[in-house]
Amino acid sequence: MQIRYSVDYADISRKAALIIAAQVQIKPHSVLGLATGSTPIGTYKELIRFHHEEDLDFSKVKSVNLDEYYGLGPDHEQSYHYFMRQNFFDHINIHLENTHVPDGLTADVSKTCAEYDAMVASLGGTDIQLLGIGDNGHIAFNEPHSFFFANTHLVDLNEETIKANARFFASENEVPRQAITMGMRSILSAKLILLLASGPKKAAAIGQMIHGPVDPQLPASILQLHPNVMVIADREALALA
Ligand code: GLP
């Protein structure tokens, strides 16, 4: 794992965006694995700026998102479909038909999950997978568990995650209790994984991810098995690293 110390959140965002921009310039048909949560928003802002000021071209890019709340449609303001349009897709020249986010309203969850994995495989995996990290060490919505899930699946969110994400909803009661999340197999199929973390709340998870055992109780620890992971984080998040 390569650790890139950053002075602050703006620096994290700039570093991450520069790498993604370089990837898109070198390979216009890149497949980008994208994440939600507050951490990647600054990276998306920088990429939007590169698009407007430096003509960074997303017209051939395909994207695959990590997860979606189960039960939320694309027009729900807290859905990850909506998040991606609002924070990124609507401000660049990516074609929406080239973007993929799991269907949170599917009536056939197992078919949707199998098709999502098949779609990621058919794209040849992602060139870069952008990741945040949950305070409990989850990535995407792969929660601490007794084993590492391999495939895209429906997951029950645990209390800690529901509480952490309640800040985006009117109340904790409105946070969906389940989500469809890409599994570790598709996440690990990325050629490069860029994990971003900012602030002291992430320090315990980041410390364990880097130095702890590979243990599904700390889902991000599986990244120790990937050959090409770059952690871009500030000193608060790296306090225990
Ligand atoms: C959610 C998302 C994760 C994200 C995490 C942390 O649980 N499913 O992909 O990494 O939130 O979010 P934040 O960056 O807001 O701390």
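The values are calculated or read from the model by the stated rules, or taken from the named source; none is laboratory data. Predicted model only: the values in this text are computed from it and were never measured. Glycine gets a Cβ as well: all are built from the backbone with ideal geometry, and neighbour counts include every protein chain shown. Side chains included, ligands, DNA and RNA excluded: accessible areas come from the protein's heavy atoms. Shrake-Rupley method; radii C 1.70, N 1.55, O 1.52, S 1.80 Å.
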Subject >> Leading residue by the ranking (least open to solvent (accessible area, probe 1.4 Å)) among those in region 61-76 that are more than 23 Å from ILE187 (Cβ to Cβ) and away from the ligand (no atom under 16 Å from the Cβ) >> reply: GLY73
Original post:
Looking only at region 22-45, which residues are under 30 Å from ALA164 (Cα atoms) and open to solvent by less than 30 Å² (accessible area, probe 1.4 Å)?
Top reply: VAL31, LEU32, GLY33, LEU34, ALA35, THR36, GLY37, THR39, PRO40, GLY42, THR43, TYR44
Subject >> Any pair with Cβ under 6 angstrom, 6 or more apart, that starts in region 73-102 at a residue that is closer than 16 Å to SER38 by Cβ and ends at one that is modelled with pLDDT under 95 and outside any loop (DSSP other than H, G, I, E, B) >> reply: GLN78/PHE168
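Would you confirm, using the coordinates I've provided, whether TYR82 is farther than 22 Å from GLY137 by Cβ, hydroxyl-bearing (Ser, Thr, Tyr) and surrounded by fewer than 19 Cβ atoms within 10 Å (Cβ to Cβ)? Quick ask: steps written out before the conclusion?
Numbers: farther than 22 Å from GLY137 by Cβ: yes; hydroxyl-bearing (Ser, Thr, Tyr): yes; surrounded by fewer than 19 Cβ atoms within 10 Å (Cβ to Cβ): yes.
Yes; evaluated as a whole, the condition is true for this residue.
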